[in-house]
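See below for the structure under consideration.
The values are calculated or read from the model by the stated rules, or taken from the named source; none is laboratory data. All figures in this text were calculated on a predicted structure; none of them were measured in a lab. Using ideal geometry, Cβ is built from the backbone for each residue, glycine included, and neighbour counts are taken over all protein chains shown. SASA here: full protein model, heavy atoms, side chains in, ligands and nucleic acids out. Shrake-Rupley method; radii C 1.70, N 1.55, O 1.52, S 1.80 Å.
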Amino acid sequence: MSKPATIFIDGRKIDAFEGEKLLWVALRNGIYIPNLCAIRGKEHPSGSCRLCYVQVEGCSEPVTSCTLSVTDSLSVQTRSPQVDRLVKSAFELLLSHHRLGCRDCAKRKSCELLKIAKERGLKMKLTRLALLDQEAEVDDSAETFVFDRSRCVLCGRCVWICREVIKVGALGFSRRGIKRVVTTFQDVSLAQSGCIECGLCVEACPSGALYFKEGKKPAAAGQCSCRGG
Ligand code: SF4
Ligand code: SF4
Ligand code: FES
């Protein structure tokens, strides 16, 4: 069993357990740290979105809180000029994968990108980078939901859920570098992919990339507990 630990987040004393990831401890205690790729229950966090930086006392460089294991007396600040700079750059990088246009987006009321922008005072627009994949197609072949890849920020939640929770594996990452995308095996349509339309990936998607068709939300959707906030 893990040993109890006392840590400090923004000067607040918090009870935790050694080895827990700092991000989950913060969220559990009502302290929001931006995050997109973190998945509760995933043993090795991908640490790919680079949004969850914190400043650790005694360290010169910020570290990602989803990969930072708690130790007794750990003391972190969720904000610092360095943290803010890194989060701003990471956020713009994510937006370079994400076609903007909140007005016609099905997820505009629950969008986590909007939440992060609001919390950190970031702009929902590209200033230094260009939109990468302007030709991304929309797959509406499934009966209950749509996959609009032009709004995908590559967080990987859908891939993990489909593989590890539902054990179907209809979705996966393909290609490398700036060409990296989430797609089906051999890029077939969702209708041909073996997808059972459980809807869990749609629920977990933080952006408007996966959304339910009008009146088509399946009963099982919303029952996955892999997200912590
Ligand atoms: S709806 Fe379920 S089975 Fe289909 S891609 Fe999403 S998680 Fe996989
Ligand atoms: S489709 Fe949604 S859940 Fe899947 S990687 Fe893209 S943004 Fe993340
Ligand atoms: S949530 Fe930590 S890097 Fe994405």
Study note, to complete from the structure: Under a Gaussian network model of the chain whose springs join Cα atoms within less than 10 Å, the largest fluctuation of L126, L113, L154 belongs to L126
**Study point:** Residue with peak Gaussian network fluctuation, the chain [Cα springs, cutoff 10 Å], from G194, G30, G208
**Key:** G30
**Study point:** Accessible surface of the stretch 135-212 [probe 1.4 Å, protein heavy atoms]: carbon and sulfur percent
**Key:** 49 percent
Practice item. Compare R28, R79, R128 in a GNM of the chain, Cα atoms joined below 10 Å, and give the one with the largest fluctuation. Key: R128
Check your understanding: Between Y53 and residues 5 or more places away or on another chain, which pairs have amide H atoms under 5 Å apart, with H built 1.01 Å from N, and which residues are they?
Key -> S65
Check your understanding: Charges only on Cβ, +1 for Lys and Arg, -1 for Asp and Glu: so what's the dipole of the chain about the Cα centre, in debye to the nearest 20?
Key -> 480 debye
**Study point:** Helix-only mean residue ellipticity at 222 nm for the chain, each DSSP H run of n ≥ 4 adding -39500 (n - 2.57), per residue, nearest 500
**Key:** -4500 deg cm²/dmol
Check your understanding: How long is the gain from L126 to L100 if the chain were fully straight, where each residue apart is worth 0.36 nm and the alpha carbon distance is subtracted?
Key -> 8.4 nm
Revision key, fill the gap. antiparallel share of DSSP beta bridges within the chain, to nearest 5, in %, is 90 percent
Check your understanding: What order do R108, R180, R103, R149 take when sorted by accessible area (1.4 Å probe), most exposed first?
Key -> R103, R108, R180, R149
**Study point:** lysines with Cα under 29 Å of K167, excluding same-chain neighbours fewer than 8 positions away
**Key:** K21, K42, K107, K179, K213, K216, K217
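Keeping all protein chains in place, calculate the accessible area per residue for the chain (probe 1.4 angstrom), answer in Å².
Per-residue value: 53 Å².
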Practice item. Could you look at the stretch 4-80 and say what percent of its accessible area is carbon and sulfur, using a 1.4 Å probe and all protein chains? Key: 49 percent
Check your understanding: On full extension of the chain, what length is gained from E20 through F173, given 0.36 nm per residue of separation minus the C-alpha to C-alpha distance?
Key -> 52.3 nm
Review point. With the contact rule set at Cα under 8 Å and sequence spacing of 6 or more, what percent relative contact order holds for the stretch 85-229?
Key: 25 percent
